[in-house]
Every structure is written in C-alpha cells, then in structure tokens.
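Written out below as structure tokens is the structure these notes cover.
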Amino acid sequence: MSTRNHTRQMLIETTAKLLQNQGYNATGLNQITQLSGAPKGSLYYHFPEGKEQLACEAVSHTKNVTLANLRSVLDSKADATQAVQELLMVLAEQVDRENAELGIPIGVIAHETAGSNENIRKACCGVYNAWIGEFENKFVACGYAPEEAKEIAVSINALIEGSMIMCLTQRDSAPIRTAAKLVPRLLQP
C-alpha cells in the first residue's frame with residue numbers, strides 16, 4: 001500500500017472508530033488528524049468535500065468490516081438459531097473485552113444524523129440493509145419463506161442494535177446475553 005493510500009486508510013479507520021464511540025458531531029477534524037497521525041492537509045487532499053465525505057467513507061468501511069464478521073459467524077453454524085445465538089455471544093464477549101471503549105458500529109451516527117444529513121443517513125441505511133440482507137439470506141437458506149425471513153431479519157437486527165445500546169449504557173453484556181436466550185423463540189418455525 002502506497003503512503004498516500006495508507007494515509008487515506010488511516011483517516012478512514014480513525015474516523016470510523018471515533019464515530020462509533022462518540023458520534024458525528026463530537027468528532028472533529030483536528031481529532032481525526034491527531035489520532036491518525038496524518039497531516040491536516042492530507043485530509044483535504046483525500047476528502048476534498050470535508051468531514052461529511054470522510055464520514056460516509058468511514059461508514060462504508062464499517063459496513064465492509066462488520067459484514068465480513070457477520071458472514072463468518074453466520075456461516076459457522078448450519079442452523080439459523082445457533083448462528084444468531086453464536087453472533088450474540090461473540091458480541092457479548094466483545095462487550096466484556098472492550099467495555100469502556102465499546103462503540104456501536106452505526107447506531108450512534110445513524111441516530112445523530114438521520115434528520116440532519118441525507119448523505120450520511122443513506123450510508124447508514126445501506127449498512128442496516130446489508131446486515132438485514134445477510135440475516136435474510138441465512139434464514140432463507142435454512143428454509144424460511146422469503147417474506148418471513150425478511151421480517152425476522154429486521155427483528156433480529158433491531159434486537160441486536162437495542163441490546164448493544166443497552167450494553168453500552170450499562171457497561172455490561174447482560175442485555176445481549178439475554179437477547180441470545182430469546183433467539184429460539186423468535187426463530188420458531
């Protein structure tokens with residue numbers, strides 16, 4: 001990777017982490033350049049439209065990373081219920097491990113910008129749609145009718161998002177662990 005590409009990638013990754021932990025409004029360009037180690041001029045070189053463009057790229061980066069992880073966990077179990085429970089346990093372990101540094105991949109920025117920034121809202125919507133699509137594909141592959149698979153996928157995604165917000169607030173993995181226990185009820189044939 002060239003130095004230019006490395007600098008660009010560091011700016012994106014740093015921004016993604018900051019957005020997860022503190023949201024869009026609390027994330028400043030000076031903070032991004034300081035934590036990434038990139039000169040401020042390189043930020044505008046790579047992202048001439050500024051913070052909004054960088055945030056959209058960071059959301060896209062988060063989508064790619066989380067989708068790869070989601071696919072890996074869902075593919076690790078043939079049974080849909082076991083796959084979703086495994087995902088929730090992986091998330092619970094992440095909460096236990098990262099605790100104070102834990103961020104919500106998209107929830108914070110989605111909530112914060114949904115009514116004020118159409119480009120970022122669309123980027124966040126794309127992440128949610130991609131996650132729901134992965135769940136939907138798993139459920140269809142496990143024998144659920146397409147419409148039912150979509151409804152359950154939306155419900156599972158909402159359950160995860162809500163549980164993760166509660167984990168962040170409580171600094172405890174209990175909400176996501178409780179959600180894991182309820183998955184068999186949601187996925188009853």
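The values are calculated or read from the model by the stated rules, or taken from the named source; none is laboratory data. Source: prediction; values computed, not measured. Heads up, the Cβs are rebuilt from the backbone with ideal geometry, glycines too, and the neighbour counts pull from every protein chain shown. What goes into the accessible areas is simple: the full protein's heavy atoms, side chains included, and nothing from ligands, DNA or RNA. Shrake-Rupley method; radii C 1.70, N 1.55, O 1.52, S 1.80 Å.
State the extension gain, in nm to one decimal, for the chain segment bounded by TYR45 and ARG185, taking 0.36 nm per residue of separation less the distance between their alpha-carbons. The partial results should precede the final answer.
Numbers: separation 140, 0.36 × 140 = 50.40 nm, distance 5.12 nm.
Answer, rounded to one decimal: 45.3 nm.
Backbone N atoms of segment 118-150 closer than 15 Å to the 7 Å Cα→Cβ label point of GLU52 belong to residues 118-124.
In segment 145-182, which trypsin sites (Lys or Arg not before Pro) fall in coil by DSSP and have 14 or fewer other Cβ atoms within 10 Å?
ARG171
Taking the longest Cα principal axis of the chain as reference, the axis of helix 118-141 is set at about 30 degrees.
Using only Cα atoms, tell me the angle between helix 51-75 and the longest principal axis of the chain; keep it within 0 to 90° and round to the nearest 10. Rounded to the nearest ten degrees, it is 30.
For the chain, the solvent-accessible area of protein heavy atoms averages 52 Å² per residue (probe radius 1.4 Å; ligands and nucleic acids excluded). Compared with the dominant Cα axis of the chain, that is its longest principal axis, helix 3-22 is turned about 60°. Evaluated on segment 51-187, the Kirkwood hydrodynamic radius is 15.4 Å, with distances taken between all distinct Cα atoms. Could you please state, rounded to a whole Å, how far the C-alpha centre of segment 39-81 is from the C-alpha centre of segment 126-177? What the calculation gives is 18 Å, centre to centre. Among the listed pairs LYS17/LYS150; LYS17/LYS40; LYS122/LYS181; LYS150/LYS181; LYS17/LYS51; LYS77/LYS150, those with a Cα-Cα distance over 26 Å are LYS17/LYS150; LYS122/LYS181.
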